[in-house]
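A.B. asks: The structure that follows is given in the form of structure tokens.
The values are calculated or read from the model by the stated rules, or taken from the named source; none is laboratory data. Here the structure is a predicted model, which is why all the values come from computation and not from measurement. Positions of Cβ are generated from backbone atoms using ideal geometry, with glycine treated the same way; all protein chains shown enter the neighbour counts.
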Amino acid sequence: MKNWIQLSKSSRIVSLLLAMAVTLLLPEMAQGAVTHYYWDCTATIGNAGFGTAGYTWGTNARWTQNTAGTGTGVLAIPTGDAGHFGCDSTTLGLAAGTVNVNGTVTVGGIFFSQYSGSIVLSGGSISCNGNINVDNCRGARKLSRRALNFLPVR
């Protein structure tokens, strides 16, 4: 003889909704936390600040995890992690300039700080798996990658 637990109709509905929520959220939870990297163009990586935009993404190890512009630079951002051009501090913007892109680079998201100058990304291809966020004096602007699918990087 089997022992069955009889659930009320409302309990079955709640159980079903809970199972669906877990199924939908599980992939998001598995991705883990995003690591943020900052493009550092100071003469020597490790000096405070970010300097003037320059160098080549995909060739020069200019990405650092430190929001103050200090730390060790790495060549590439791991897939799914975010790249920042400047930081949200009046003293830690990235001065206007051009960052060249060599080949195809991949990033989980791109952020342009409101305290940075005009940053030009030139050449190559950028595969962005998330959003591109542009903060300016009028507030945050968020561009979805869907809106940018057909725009070349210049």
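A.B. asks: Could you identify the single residue in Phe50, Phe85 that is at pLDDT 90 or above, under 24 Å from Ser127 (Cβ atoms) and aromatic (Phe, Trp, Tyr)?
C.D. replies: Phe85
A.B. asks: Here's another thing I want to ask about it. Search the range 79-119 for residues being among the small types (Gly, Ala, Ser) and out of contact with any Gly (no Cβ under 6 Å at 6 or more places or on another chain), and hand back the single one that is nearest to Gly49 (Cα to Cα).
C.D. replies: It comes out as Ser89.
A.B. asks: While we're here: Please count how many residues of the range 27-47 are farther than 23 Å from Gly123 by Cβ, in a strand (DSSP E or B) and modelled with pLDDT under 90.
C.D. replies: The number of residues fulfilling the criteria is 1.
A.B. asks: Of all residues in the range 72-82, which are farther than 20 Å from Val120 by Cα and surrounded by 15 or more Cβ atoms within 10 Å (Cβ to Cβ)?
C.D. replies: Gly73, Gly80, Asp81
A.B. asks: On to the next question. Quickly run through the range 102-113 and pick out the residues that are surrounded by fewer than 18 Cβ atoms within 10 Å (Cβ to Cβ) and more than 12 Å from the chain's Cα centre (by Cα).
C.D. replies: Correct list: Asn102, Gly103, Thr104.
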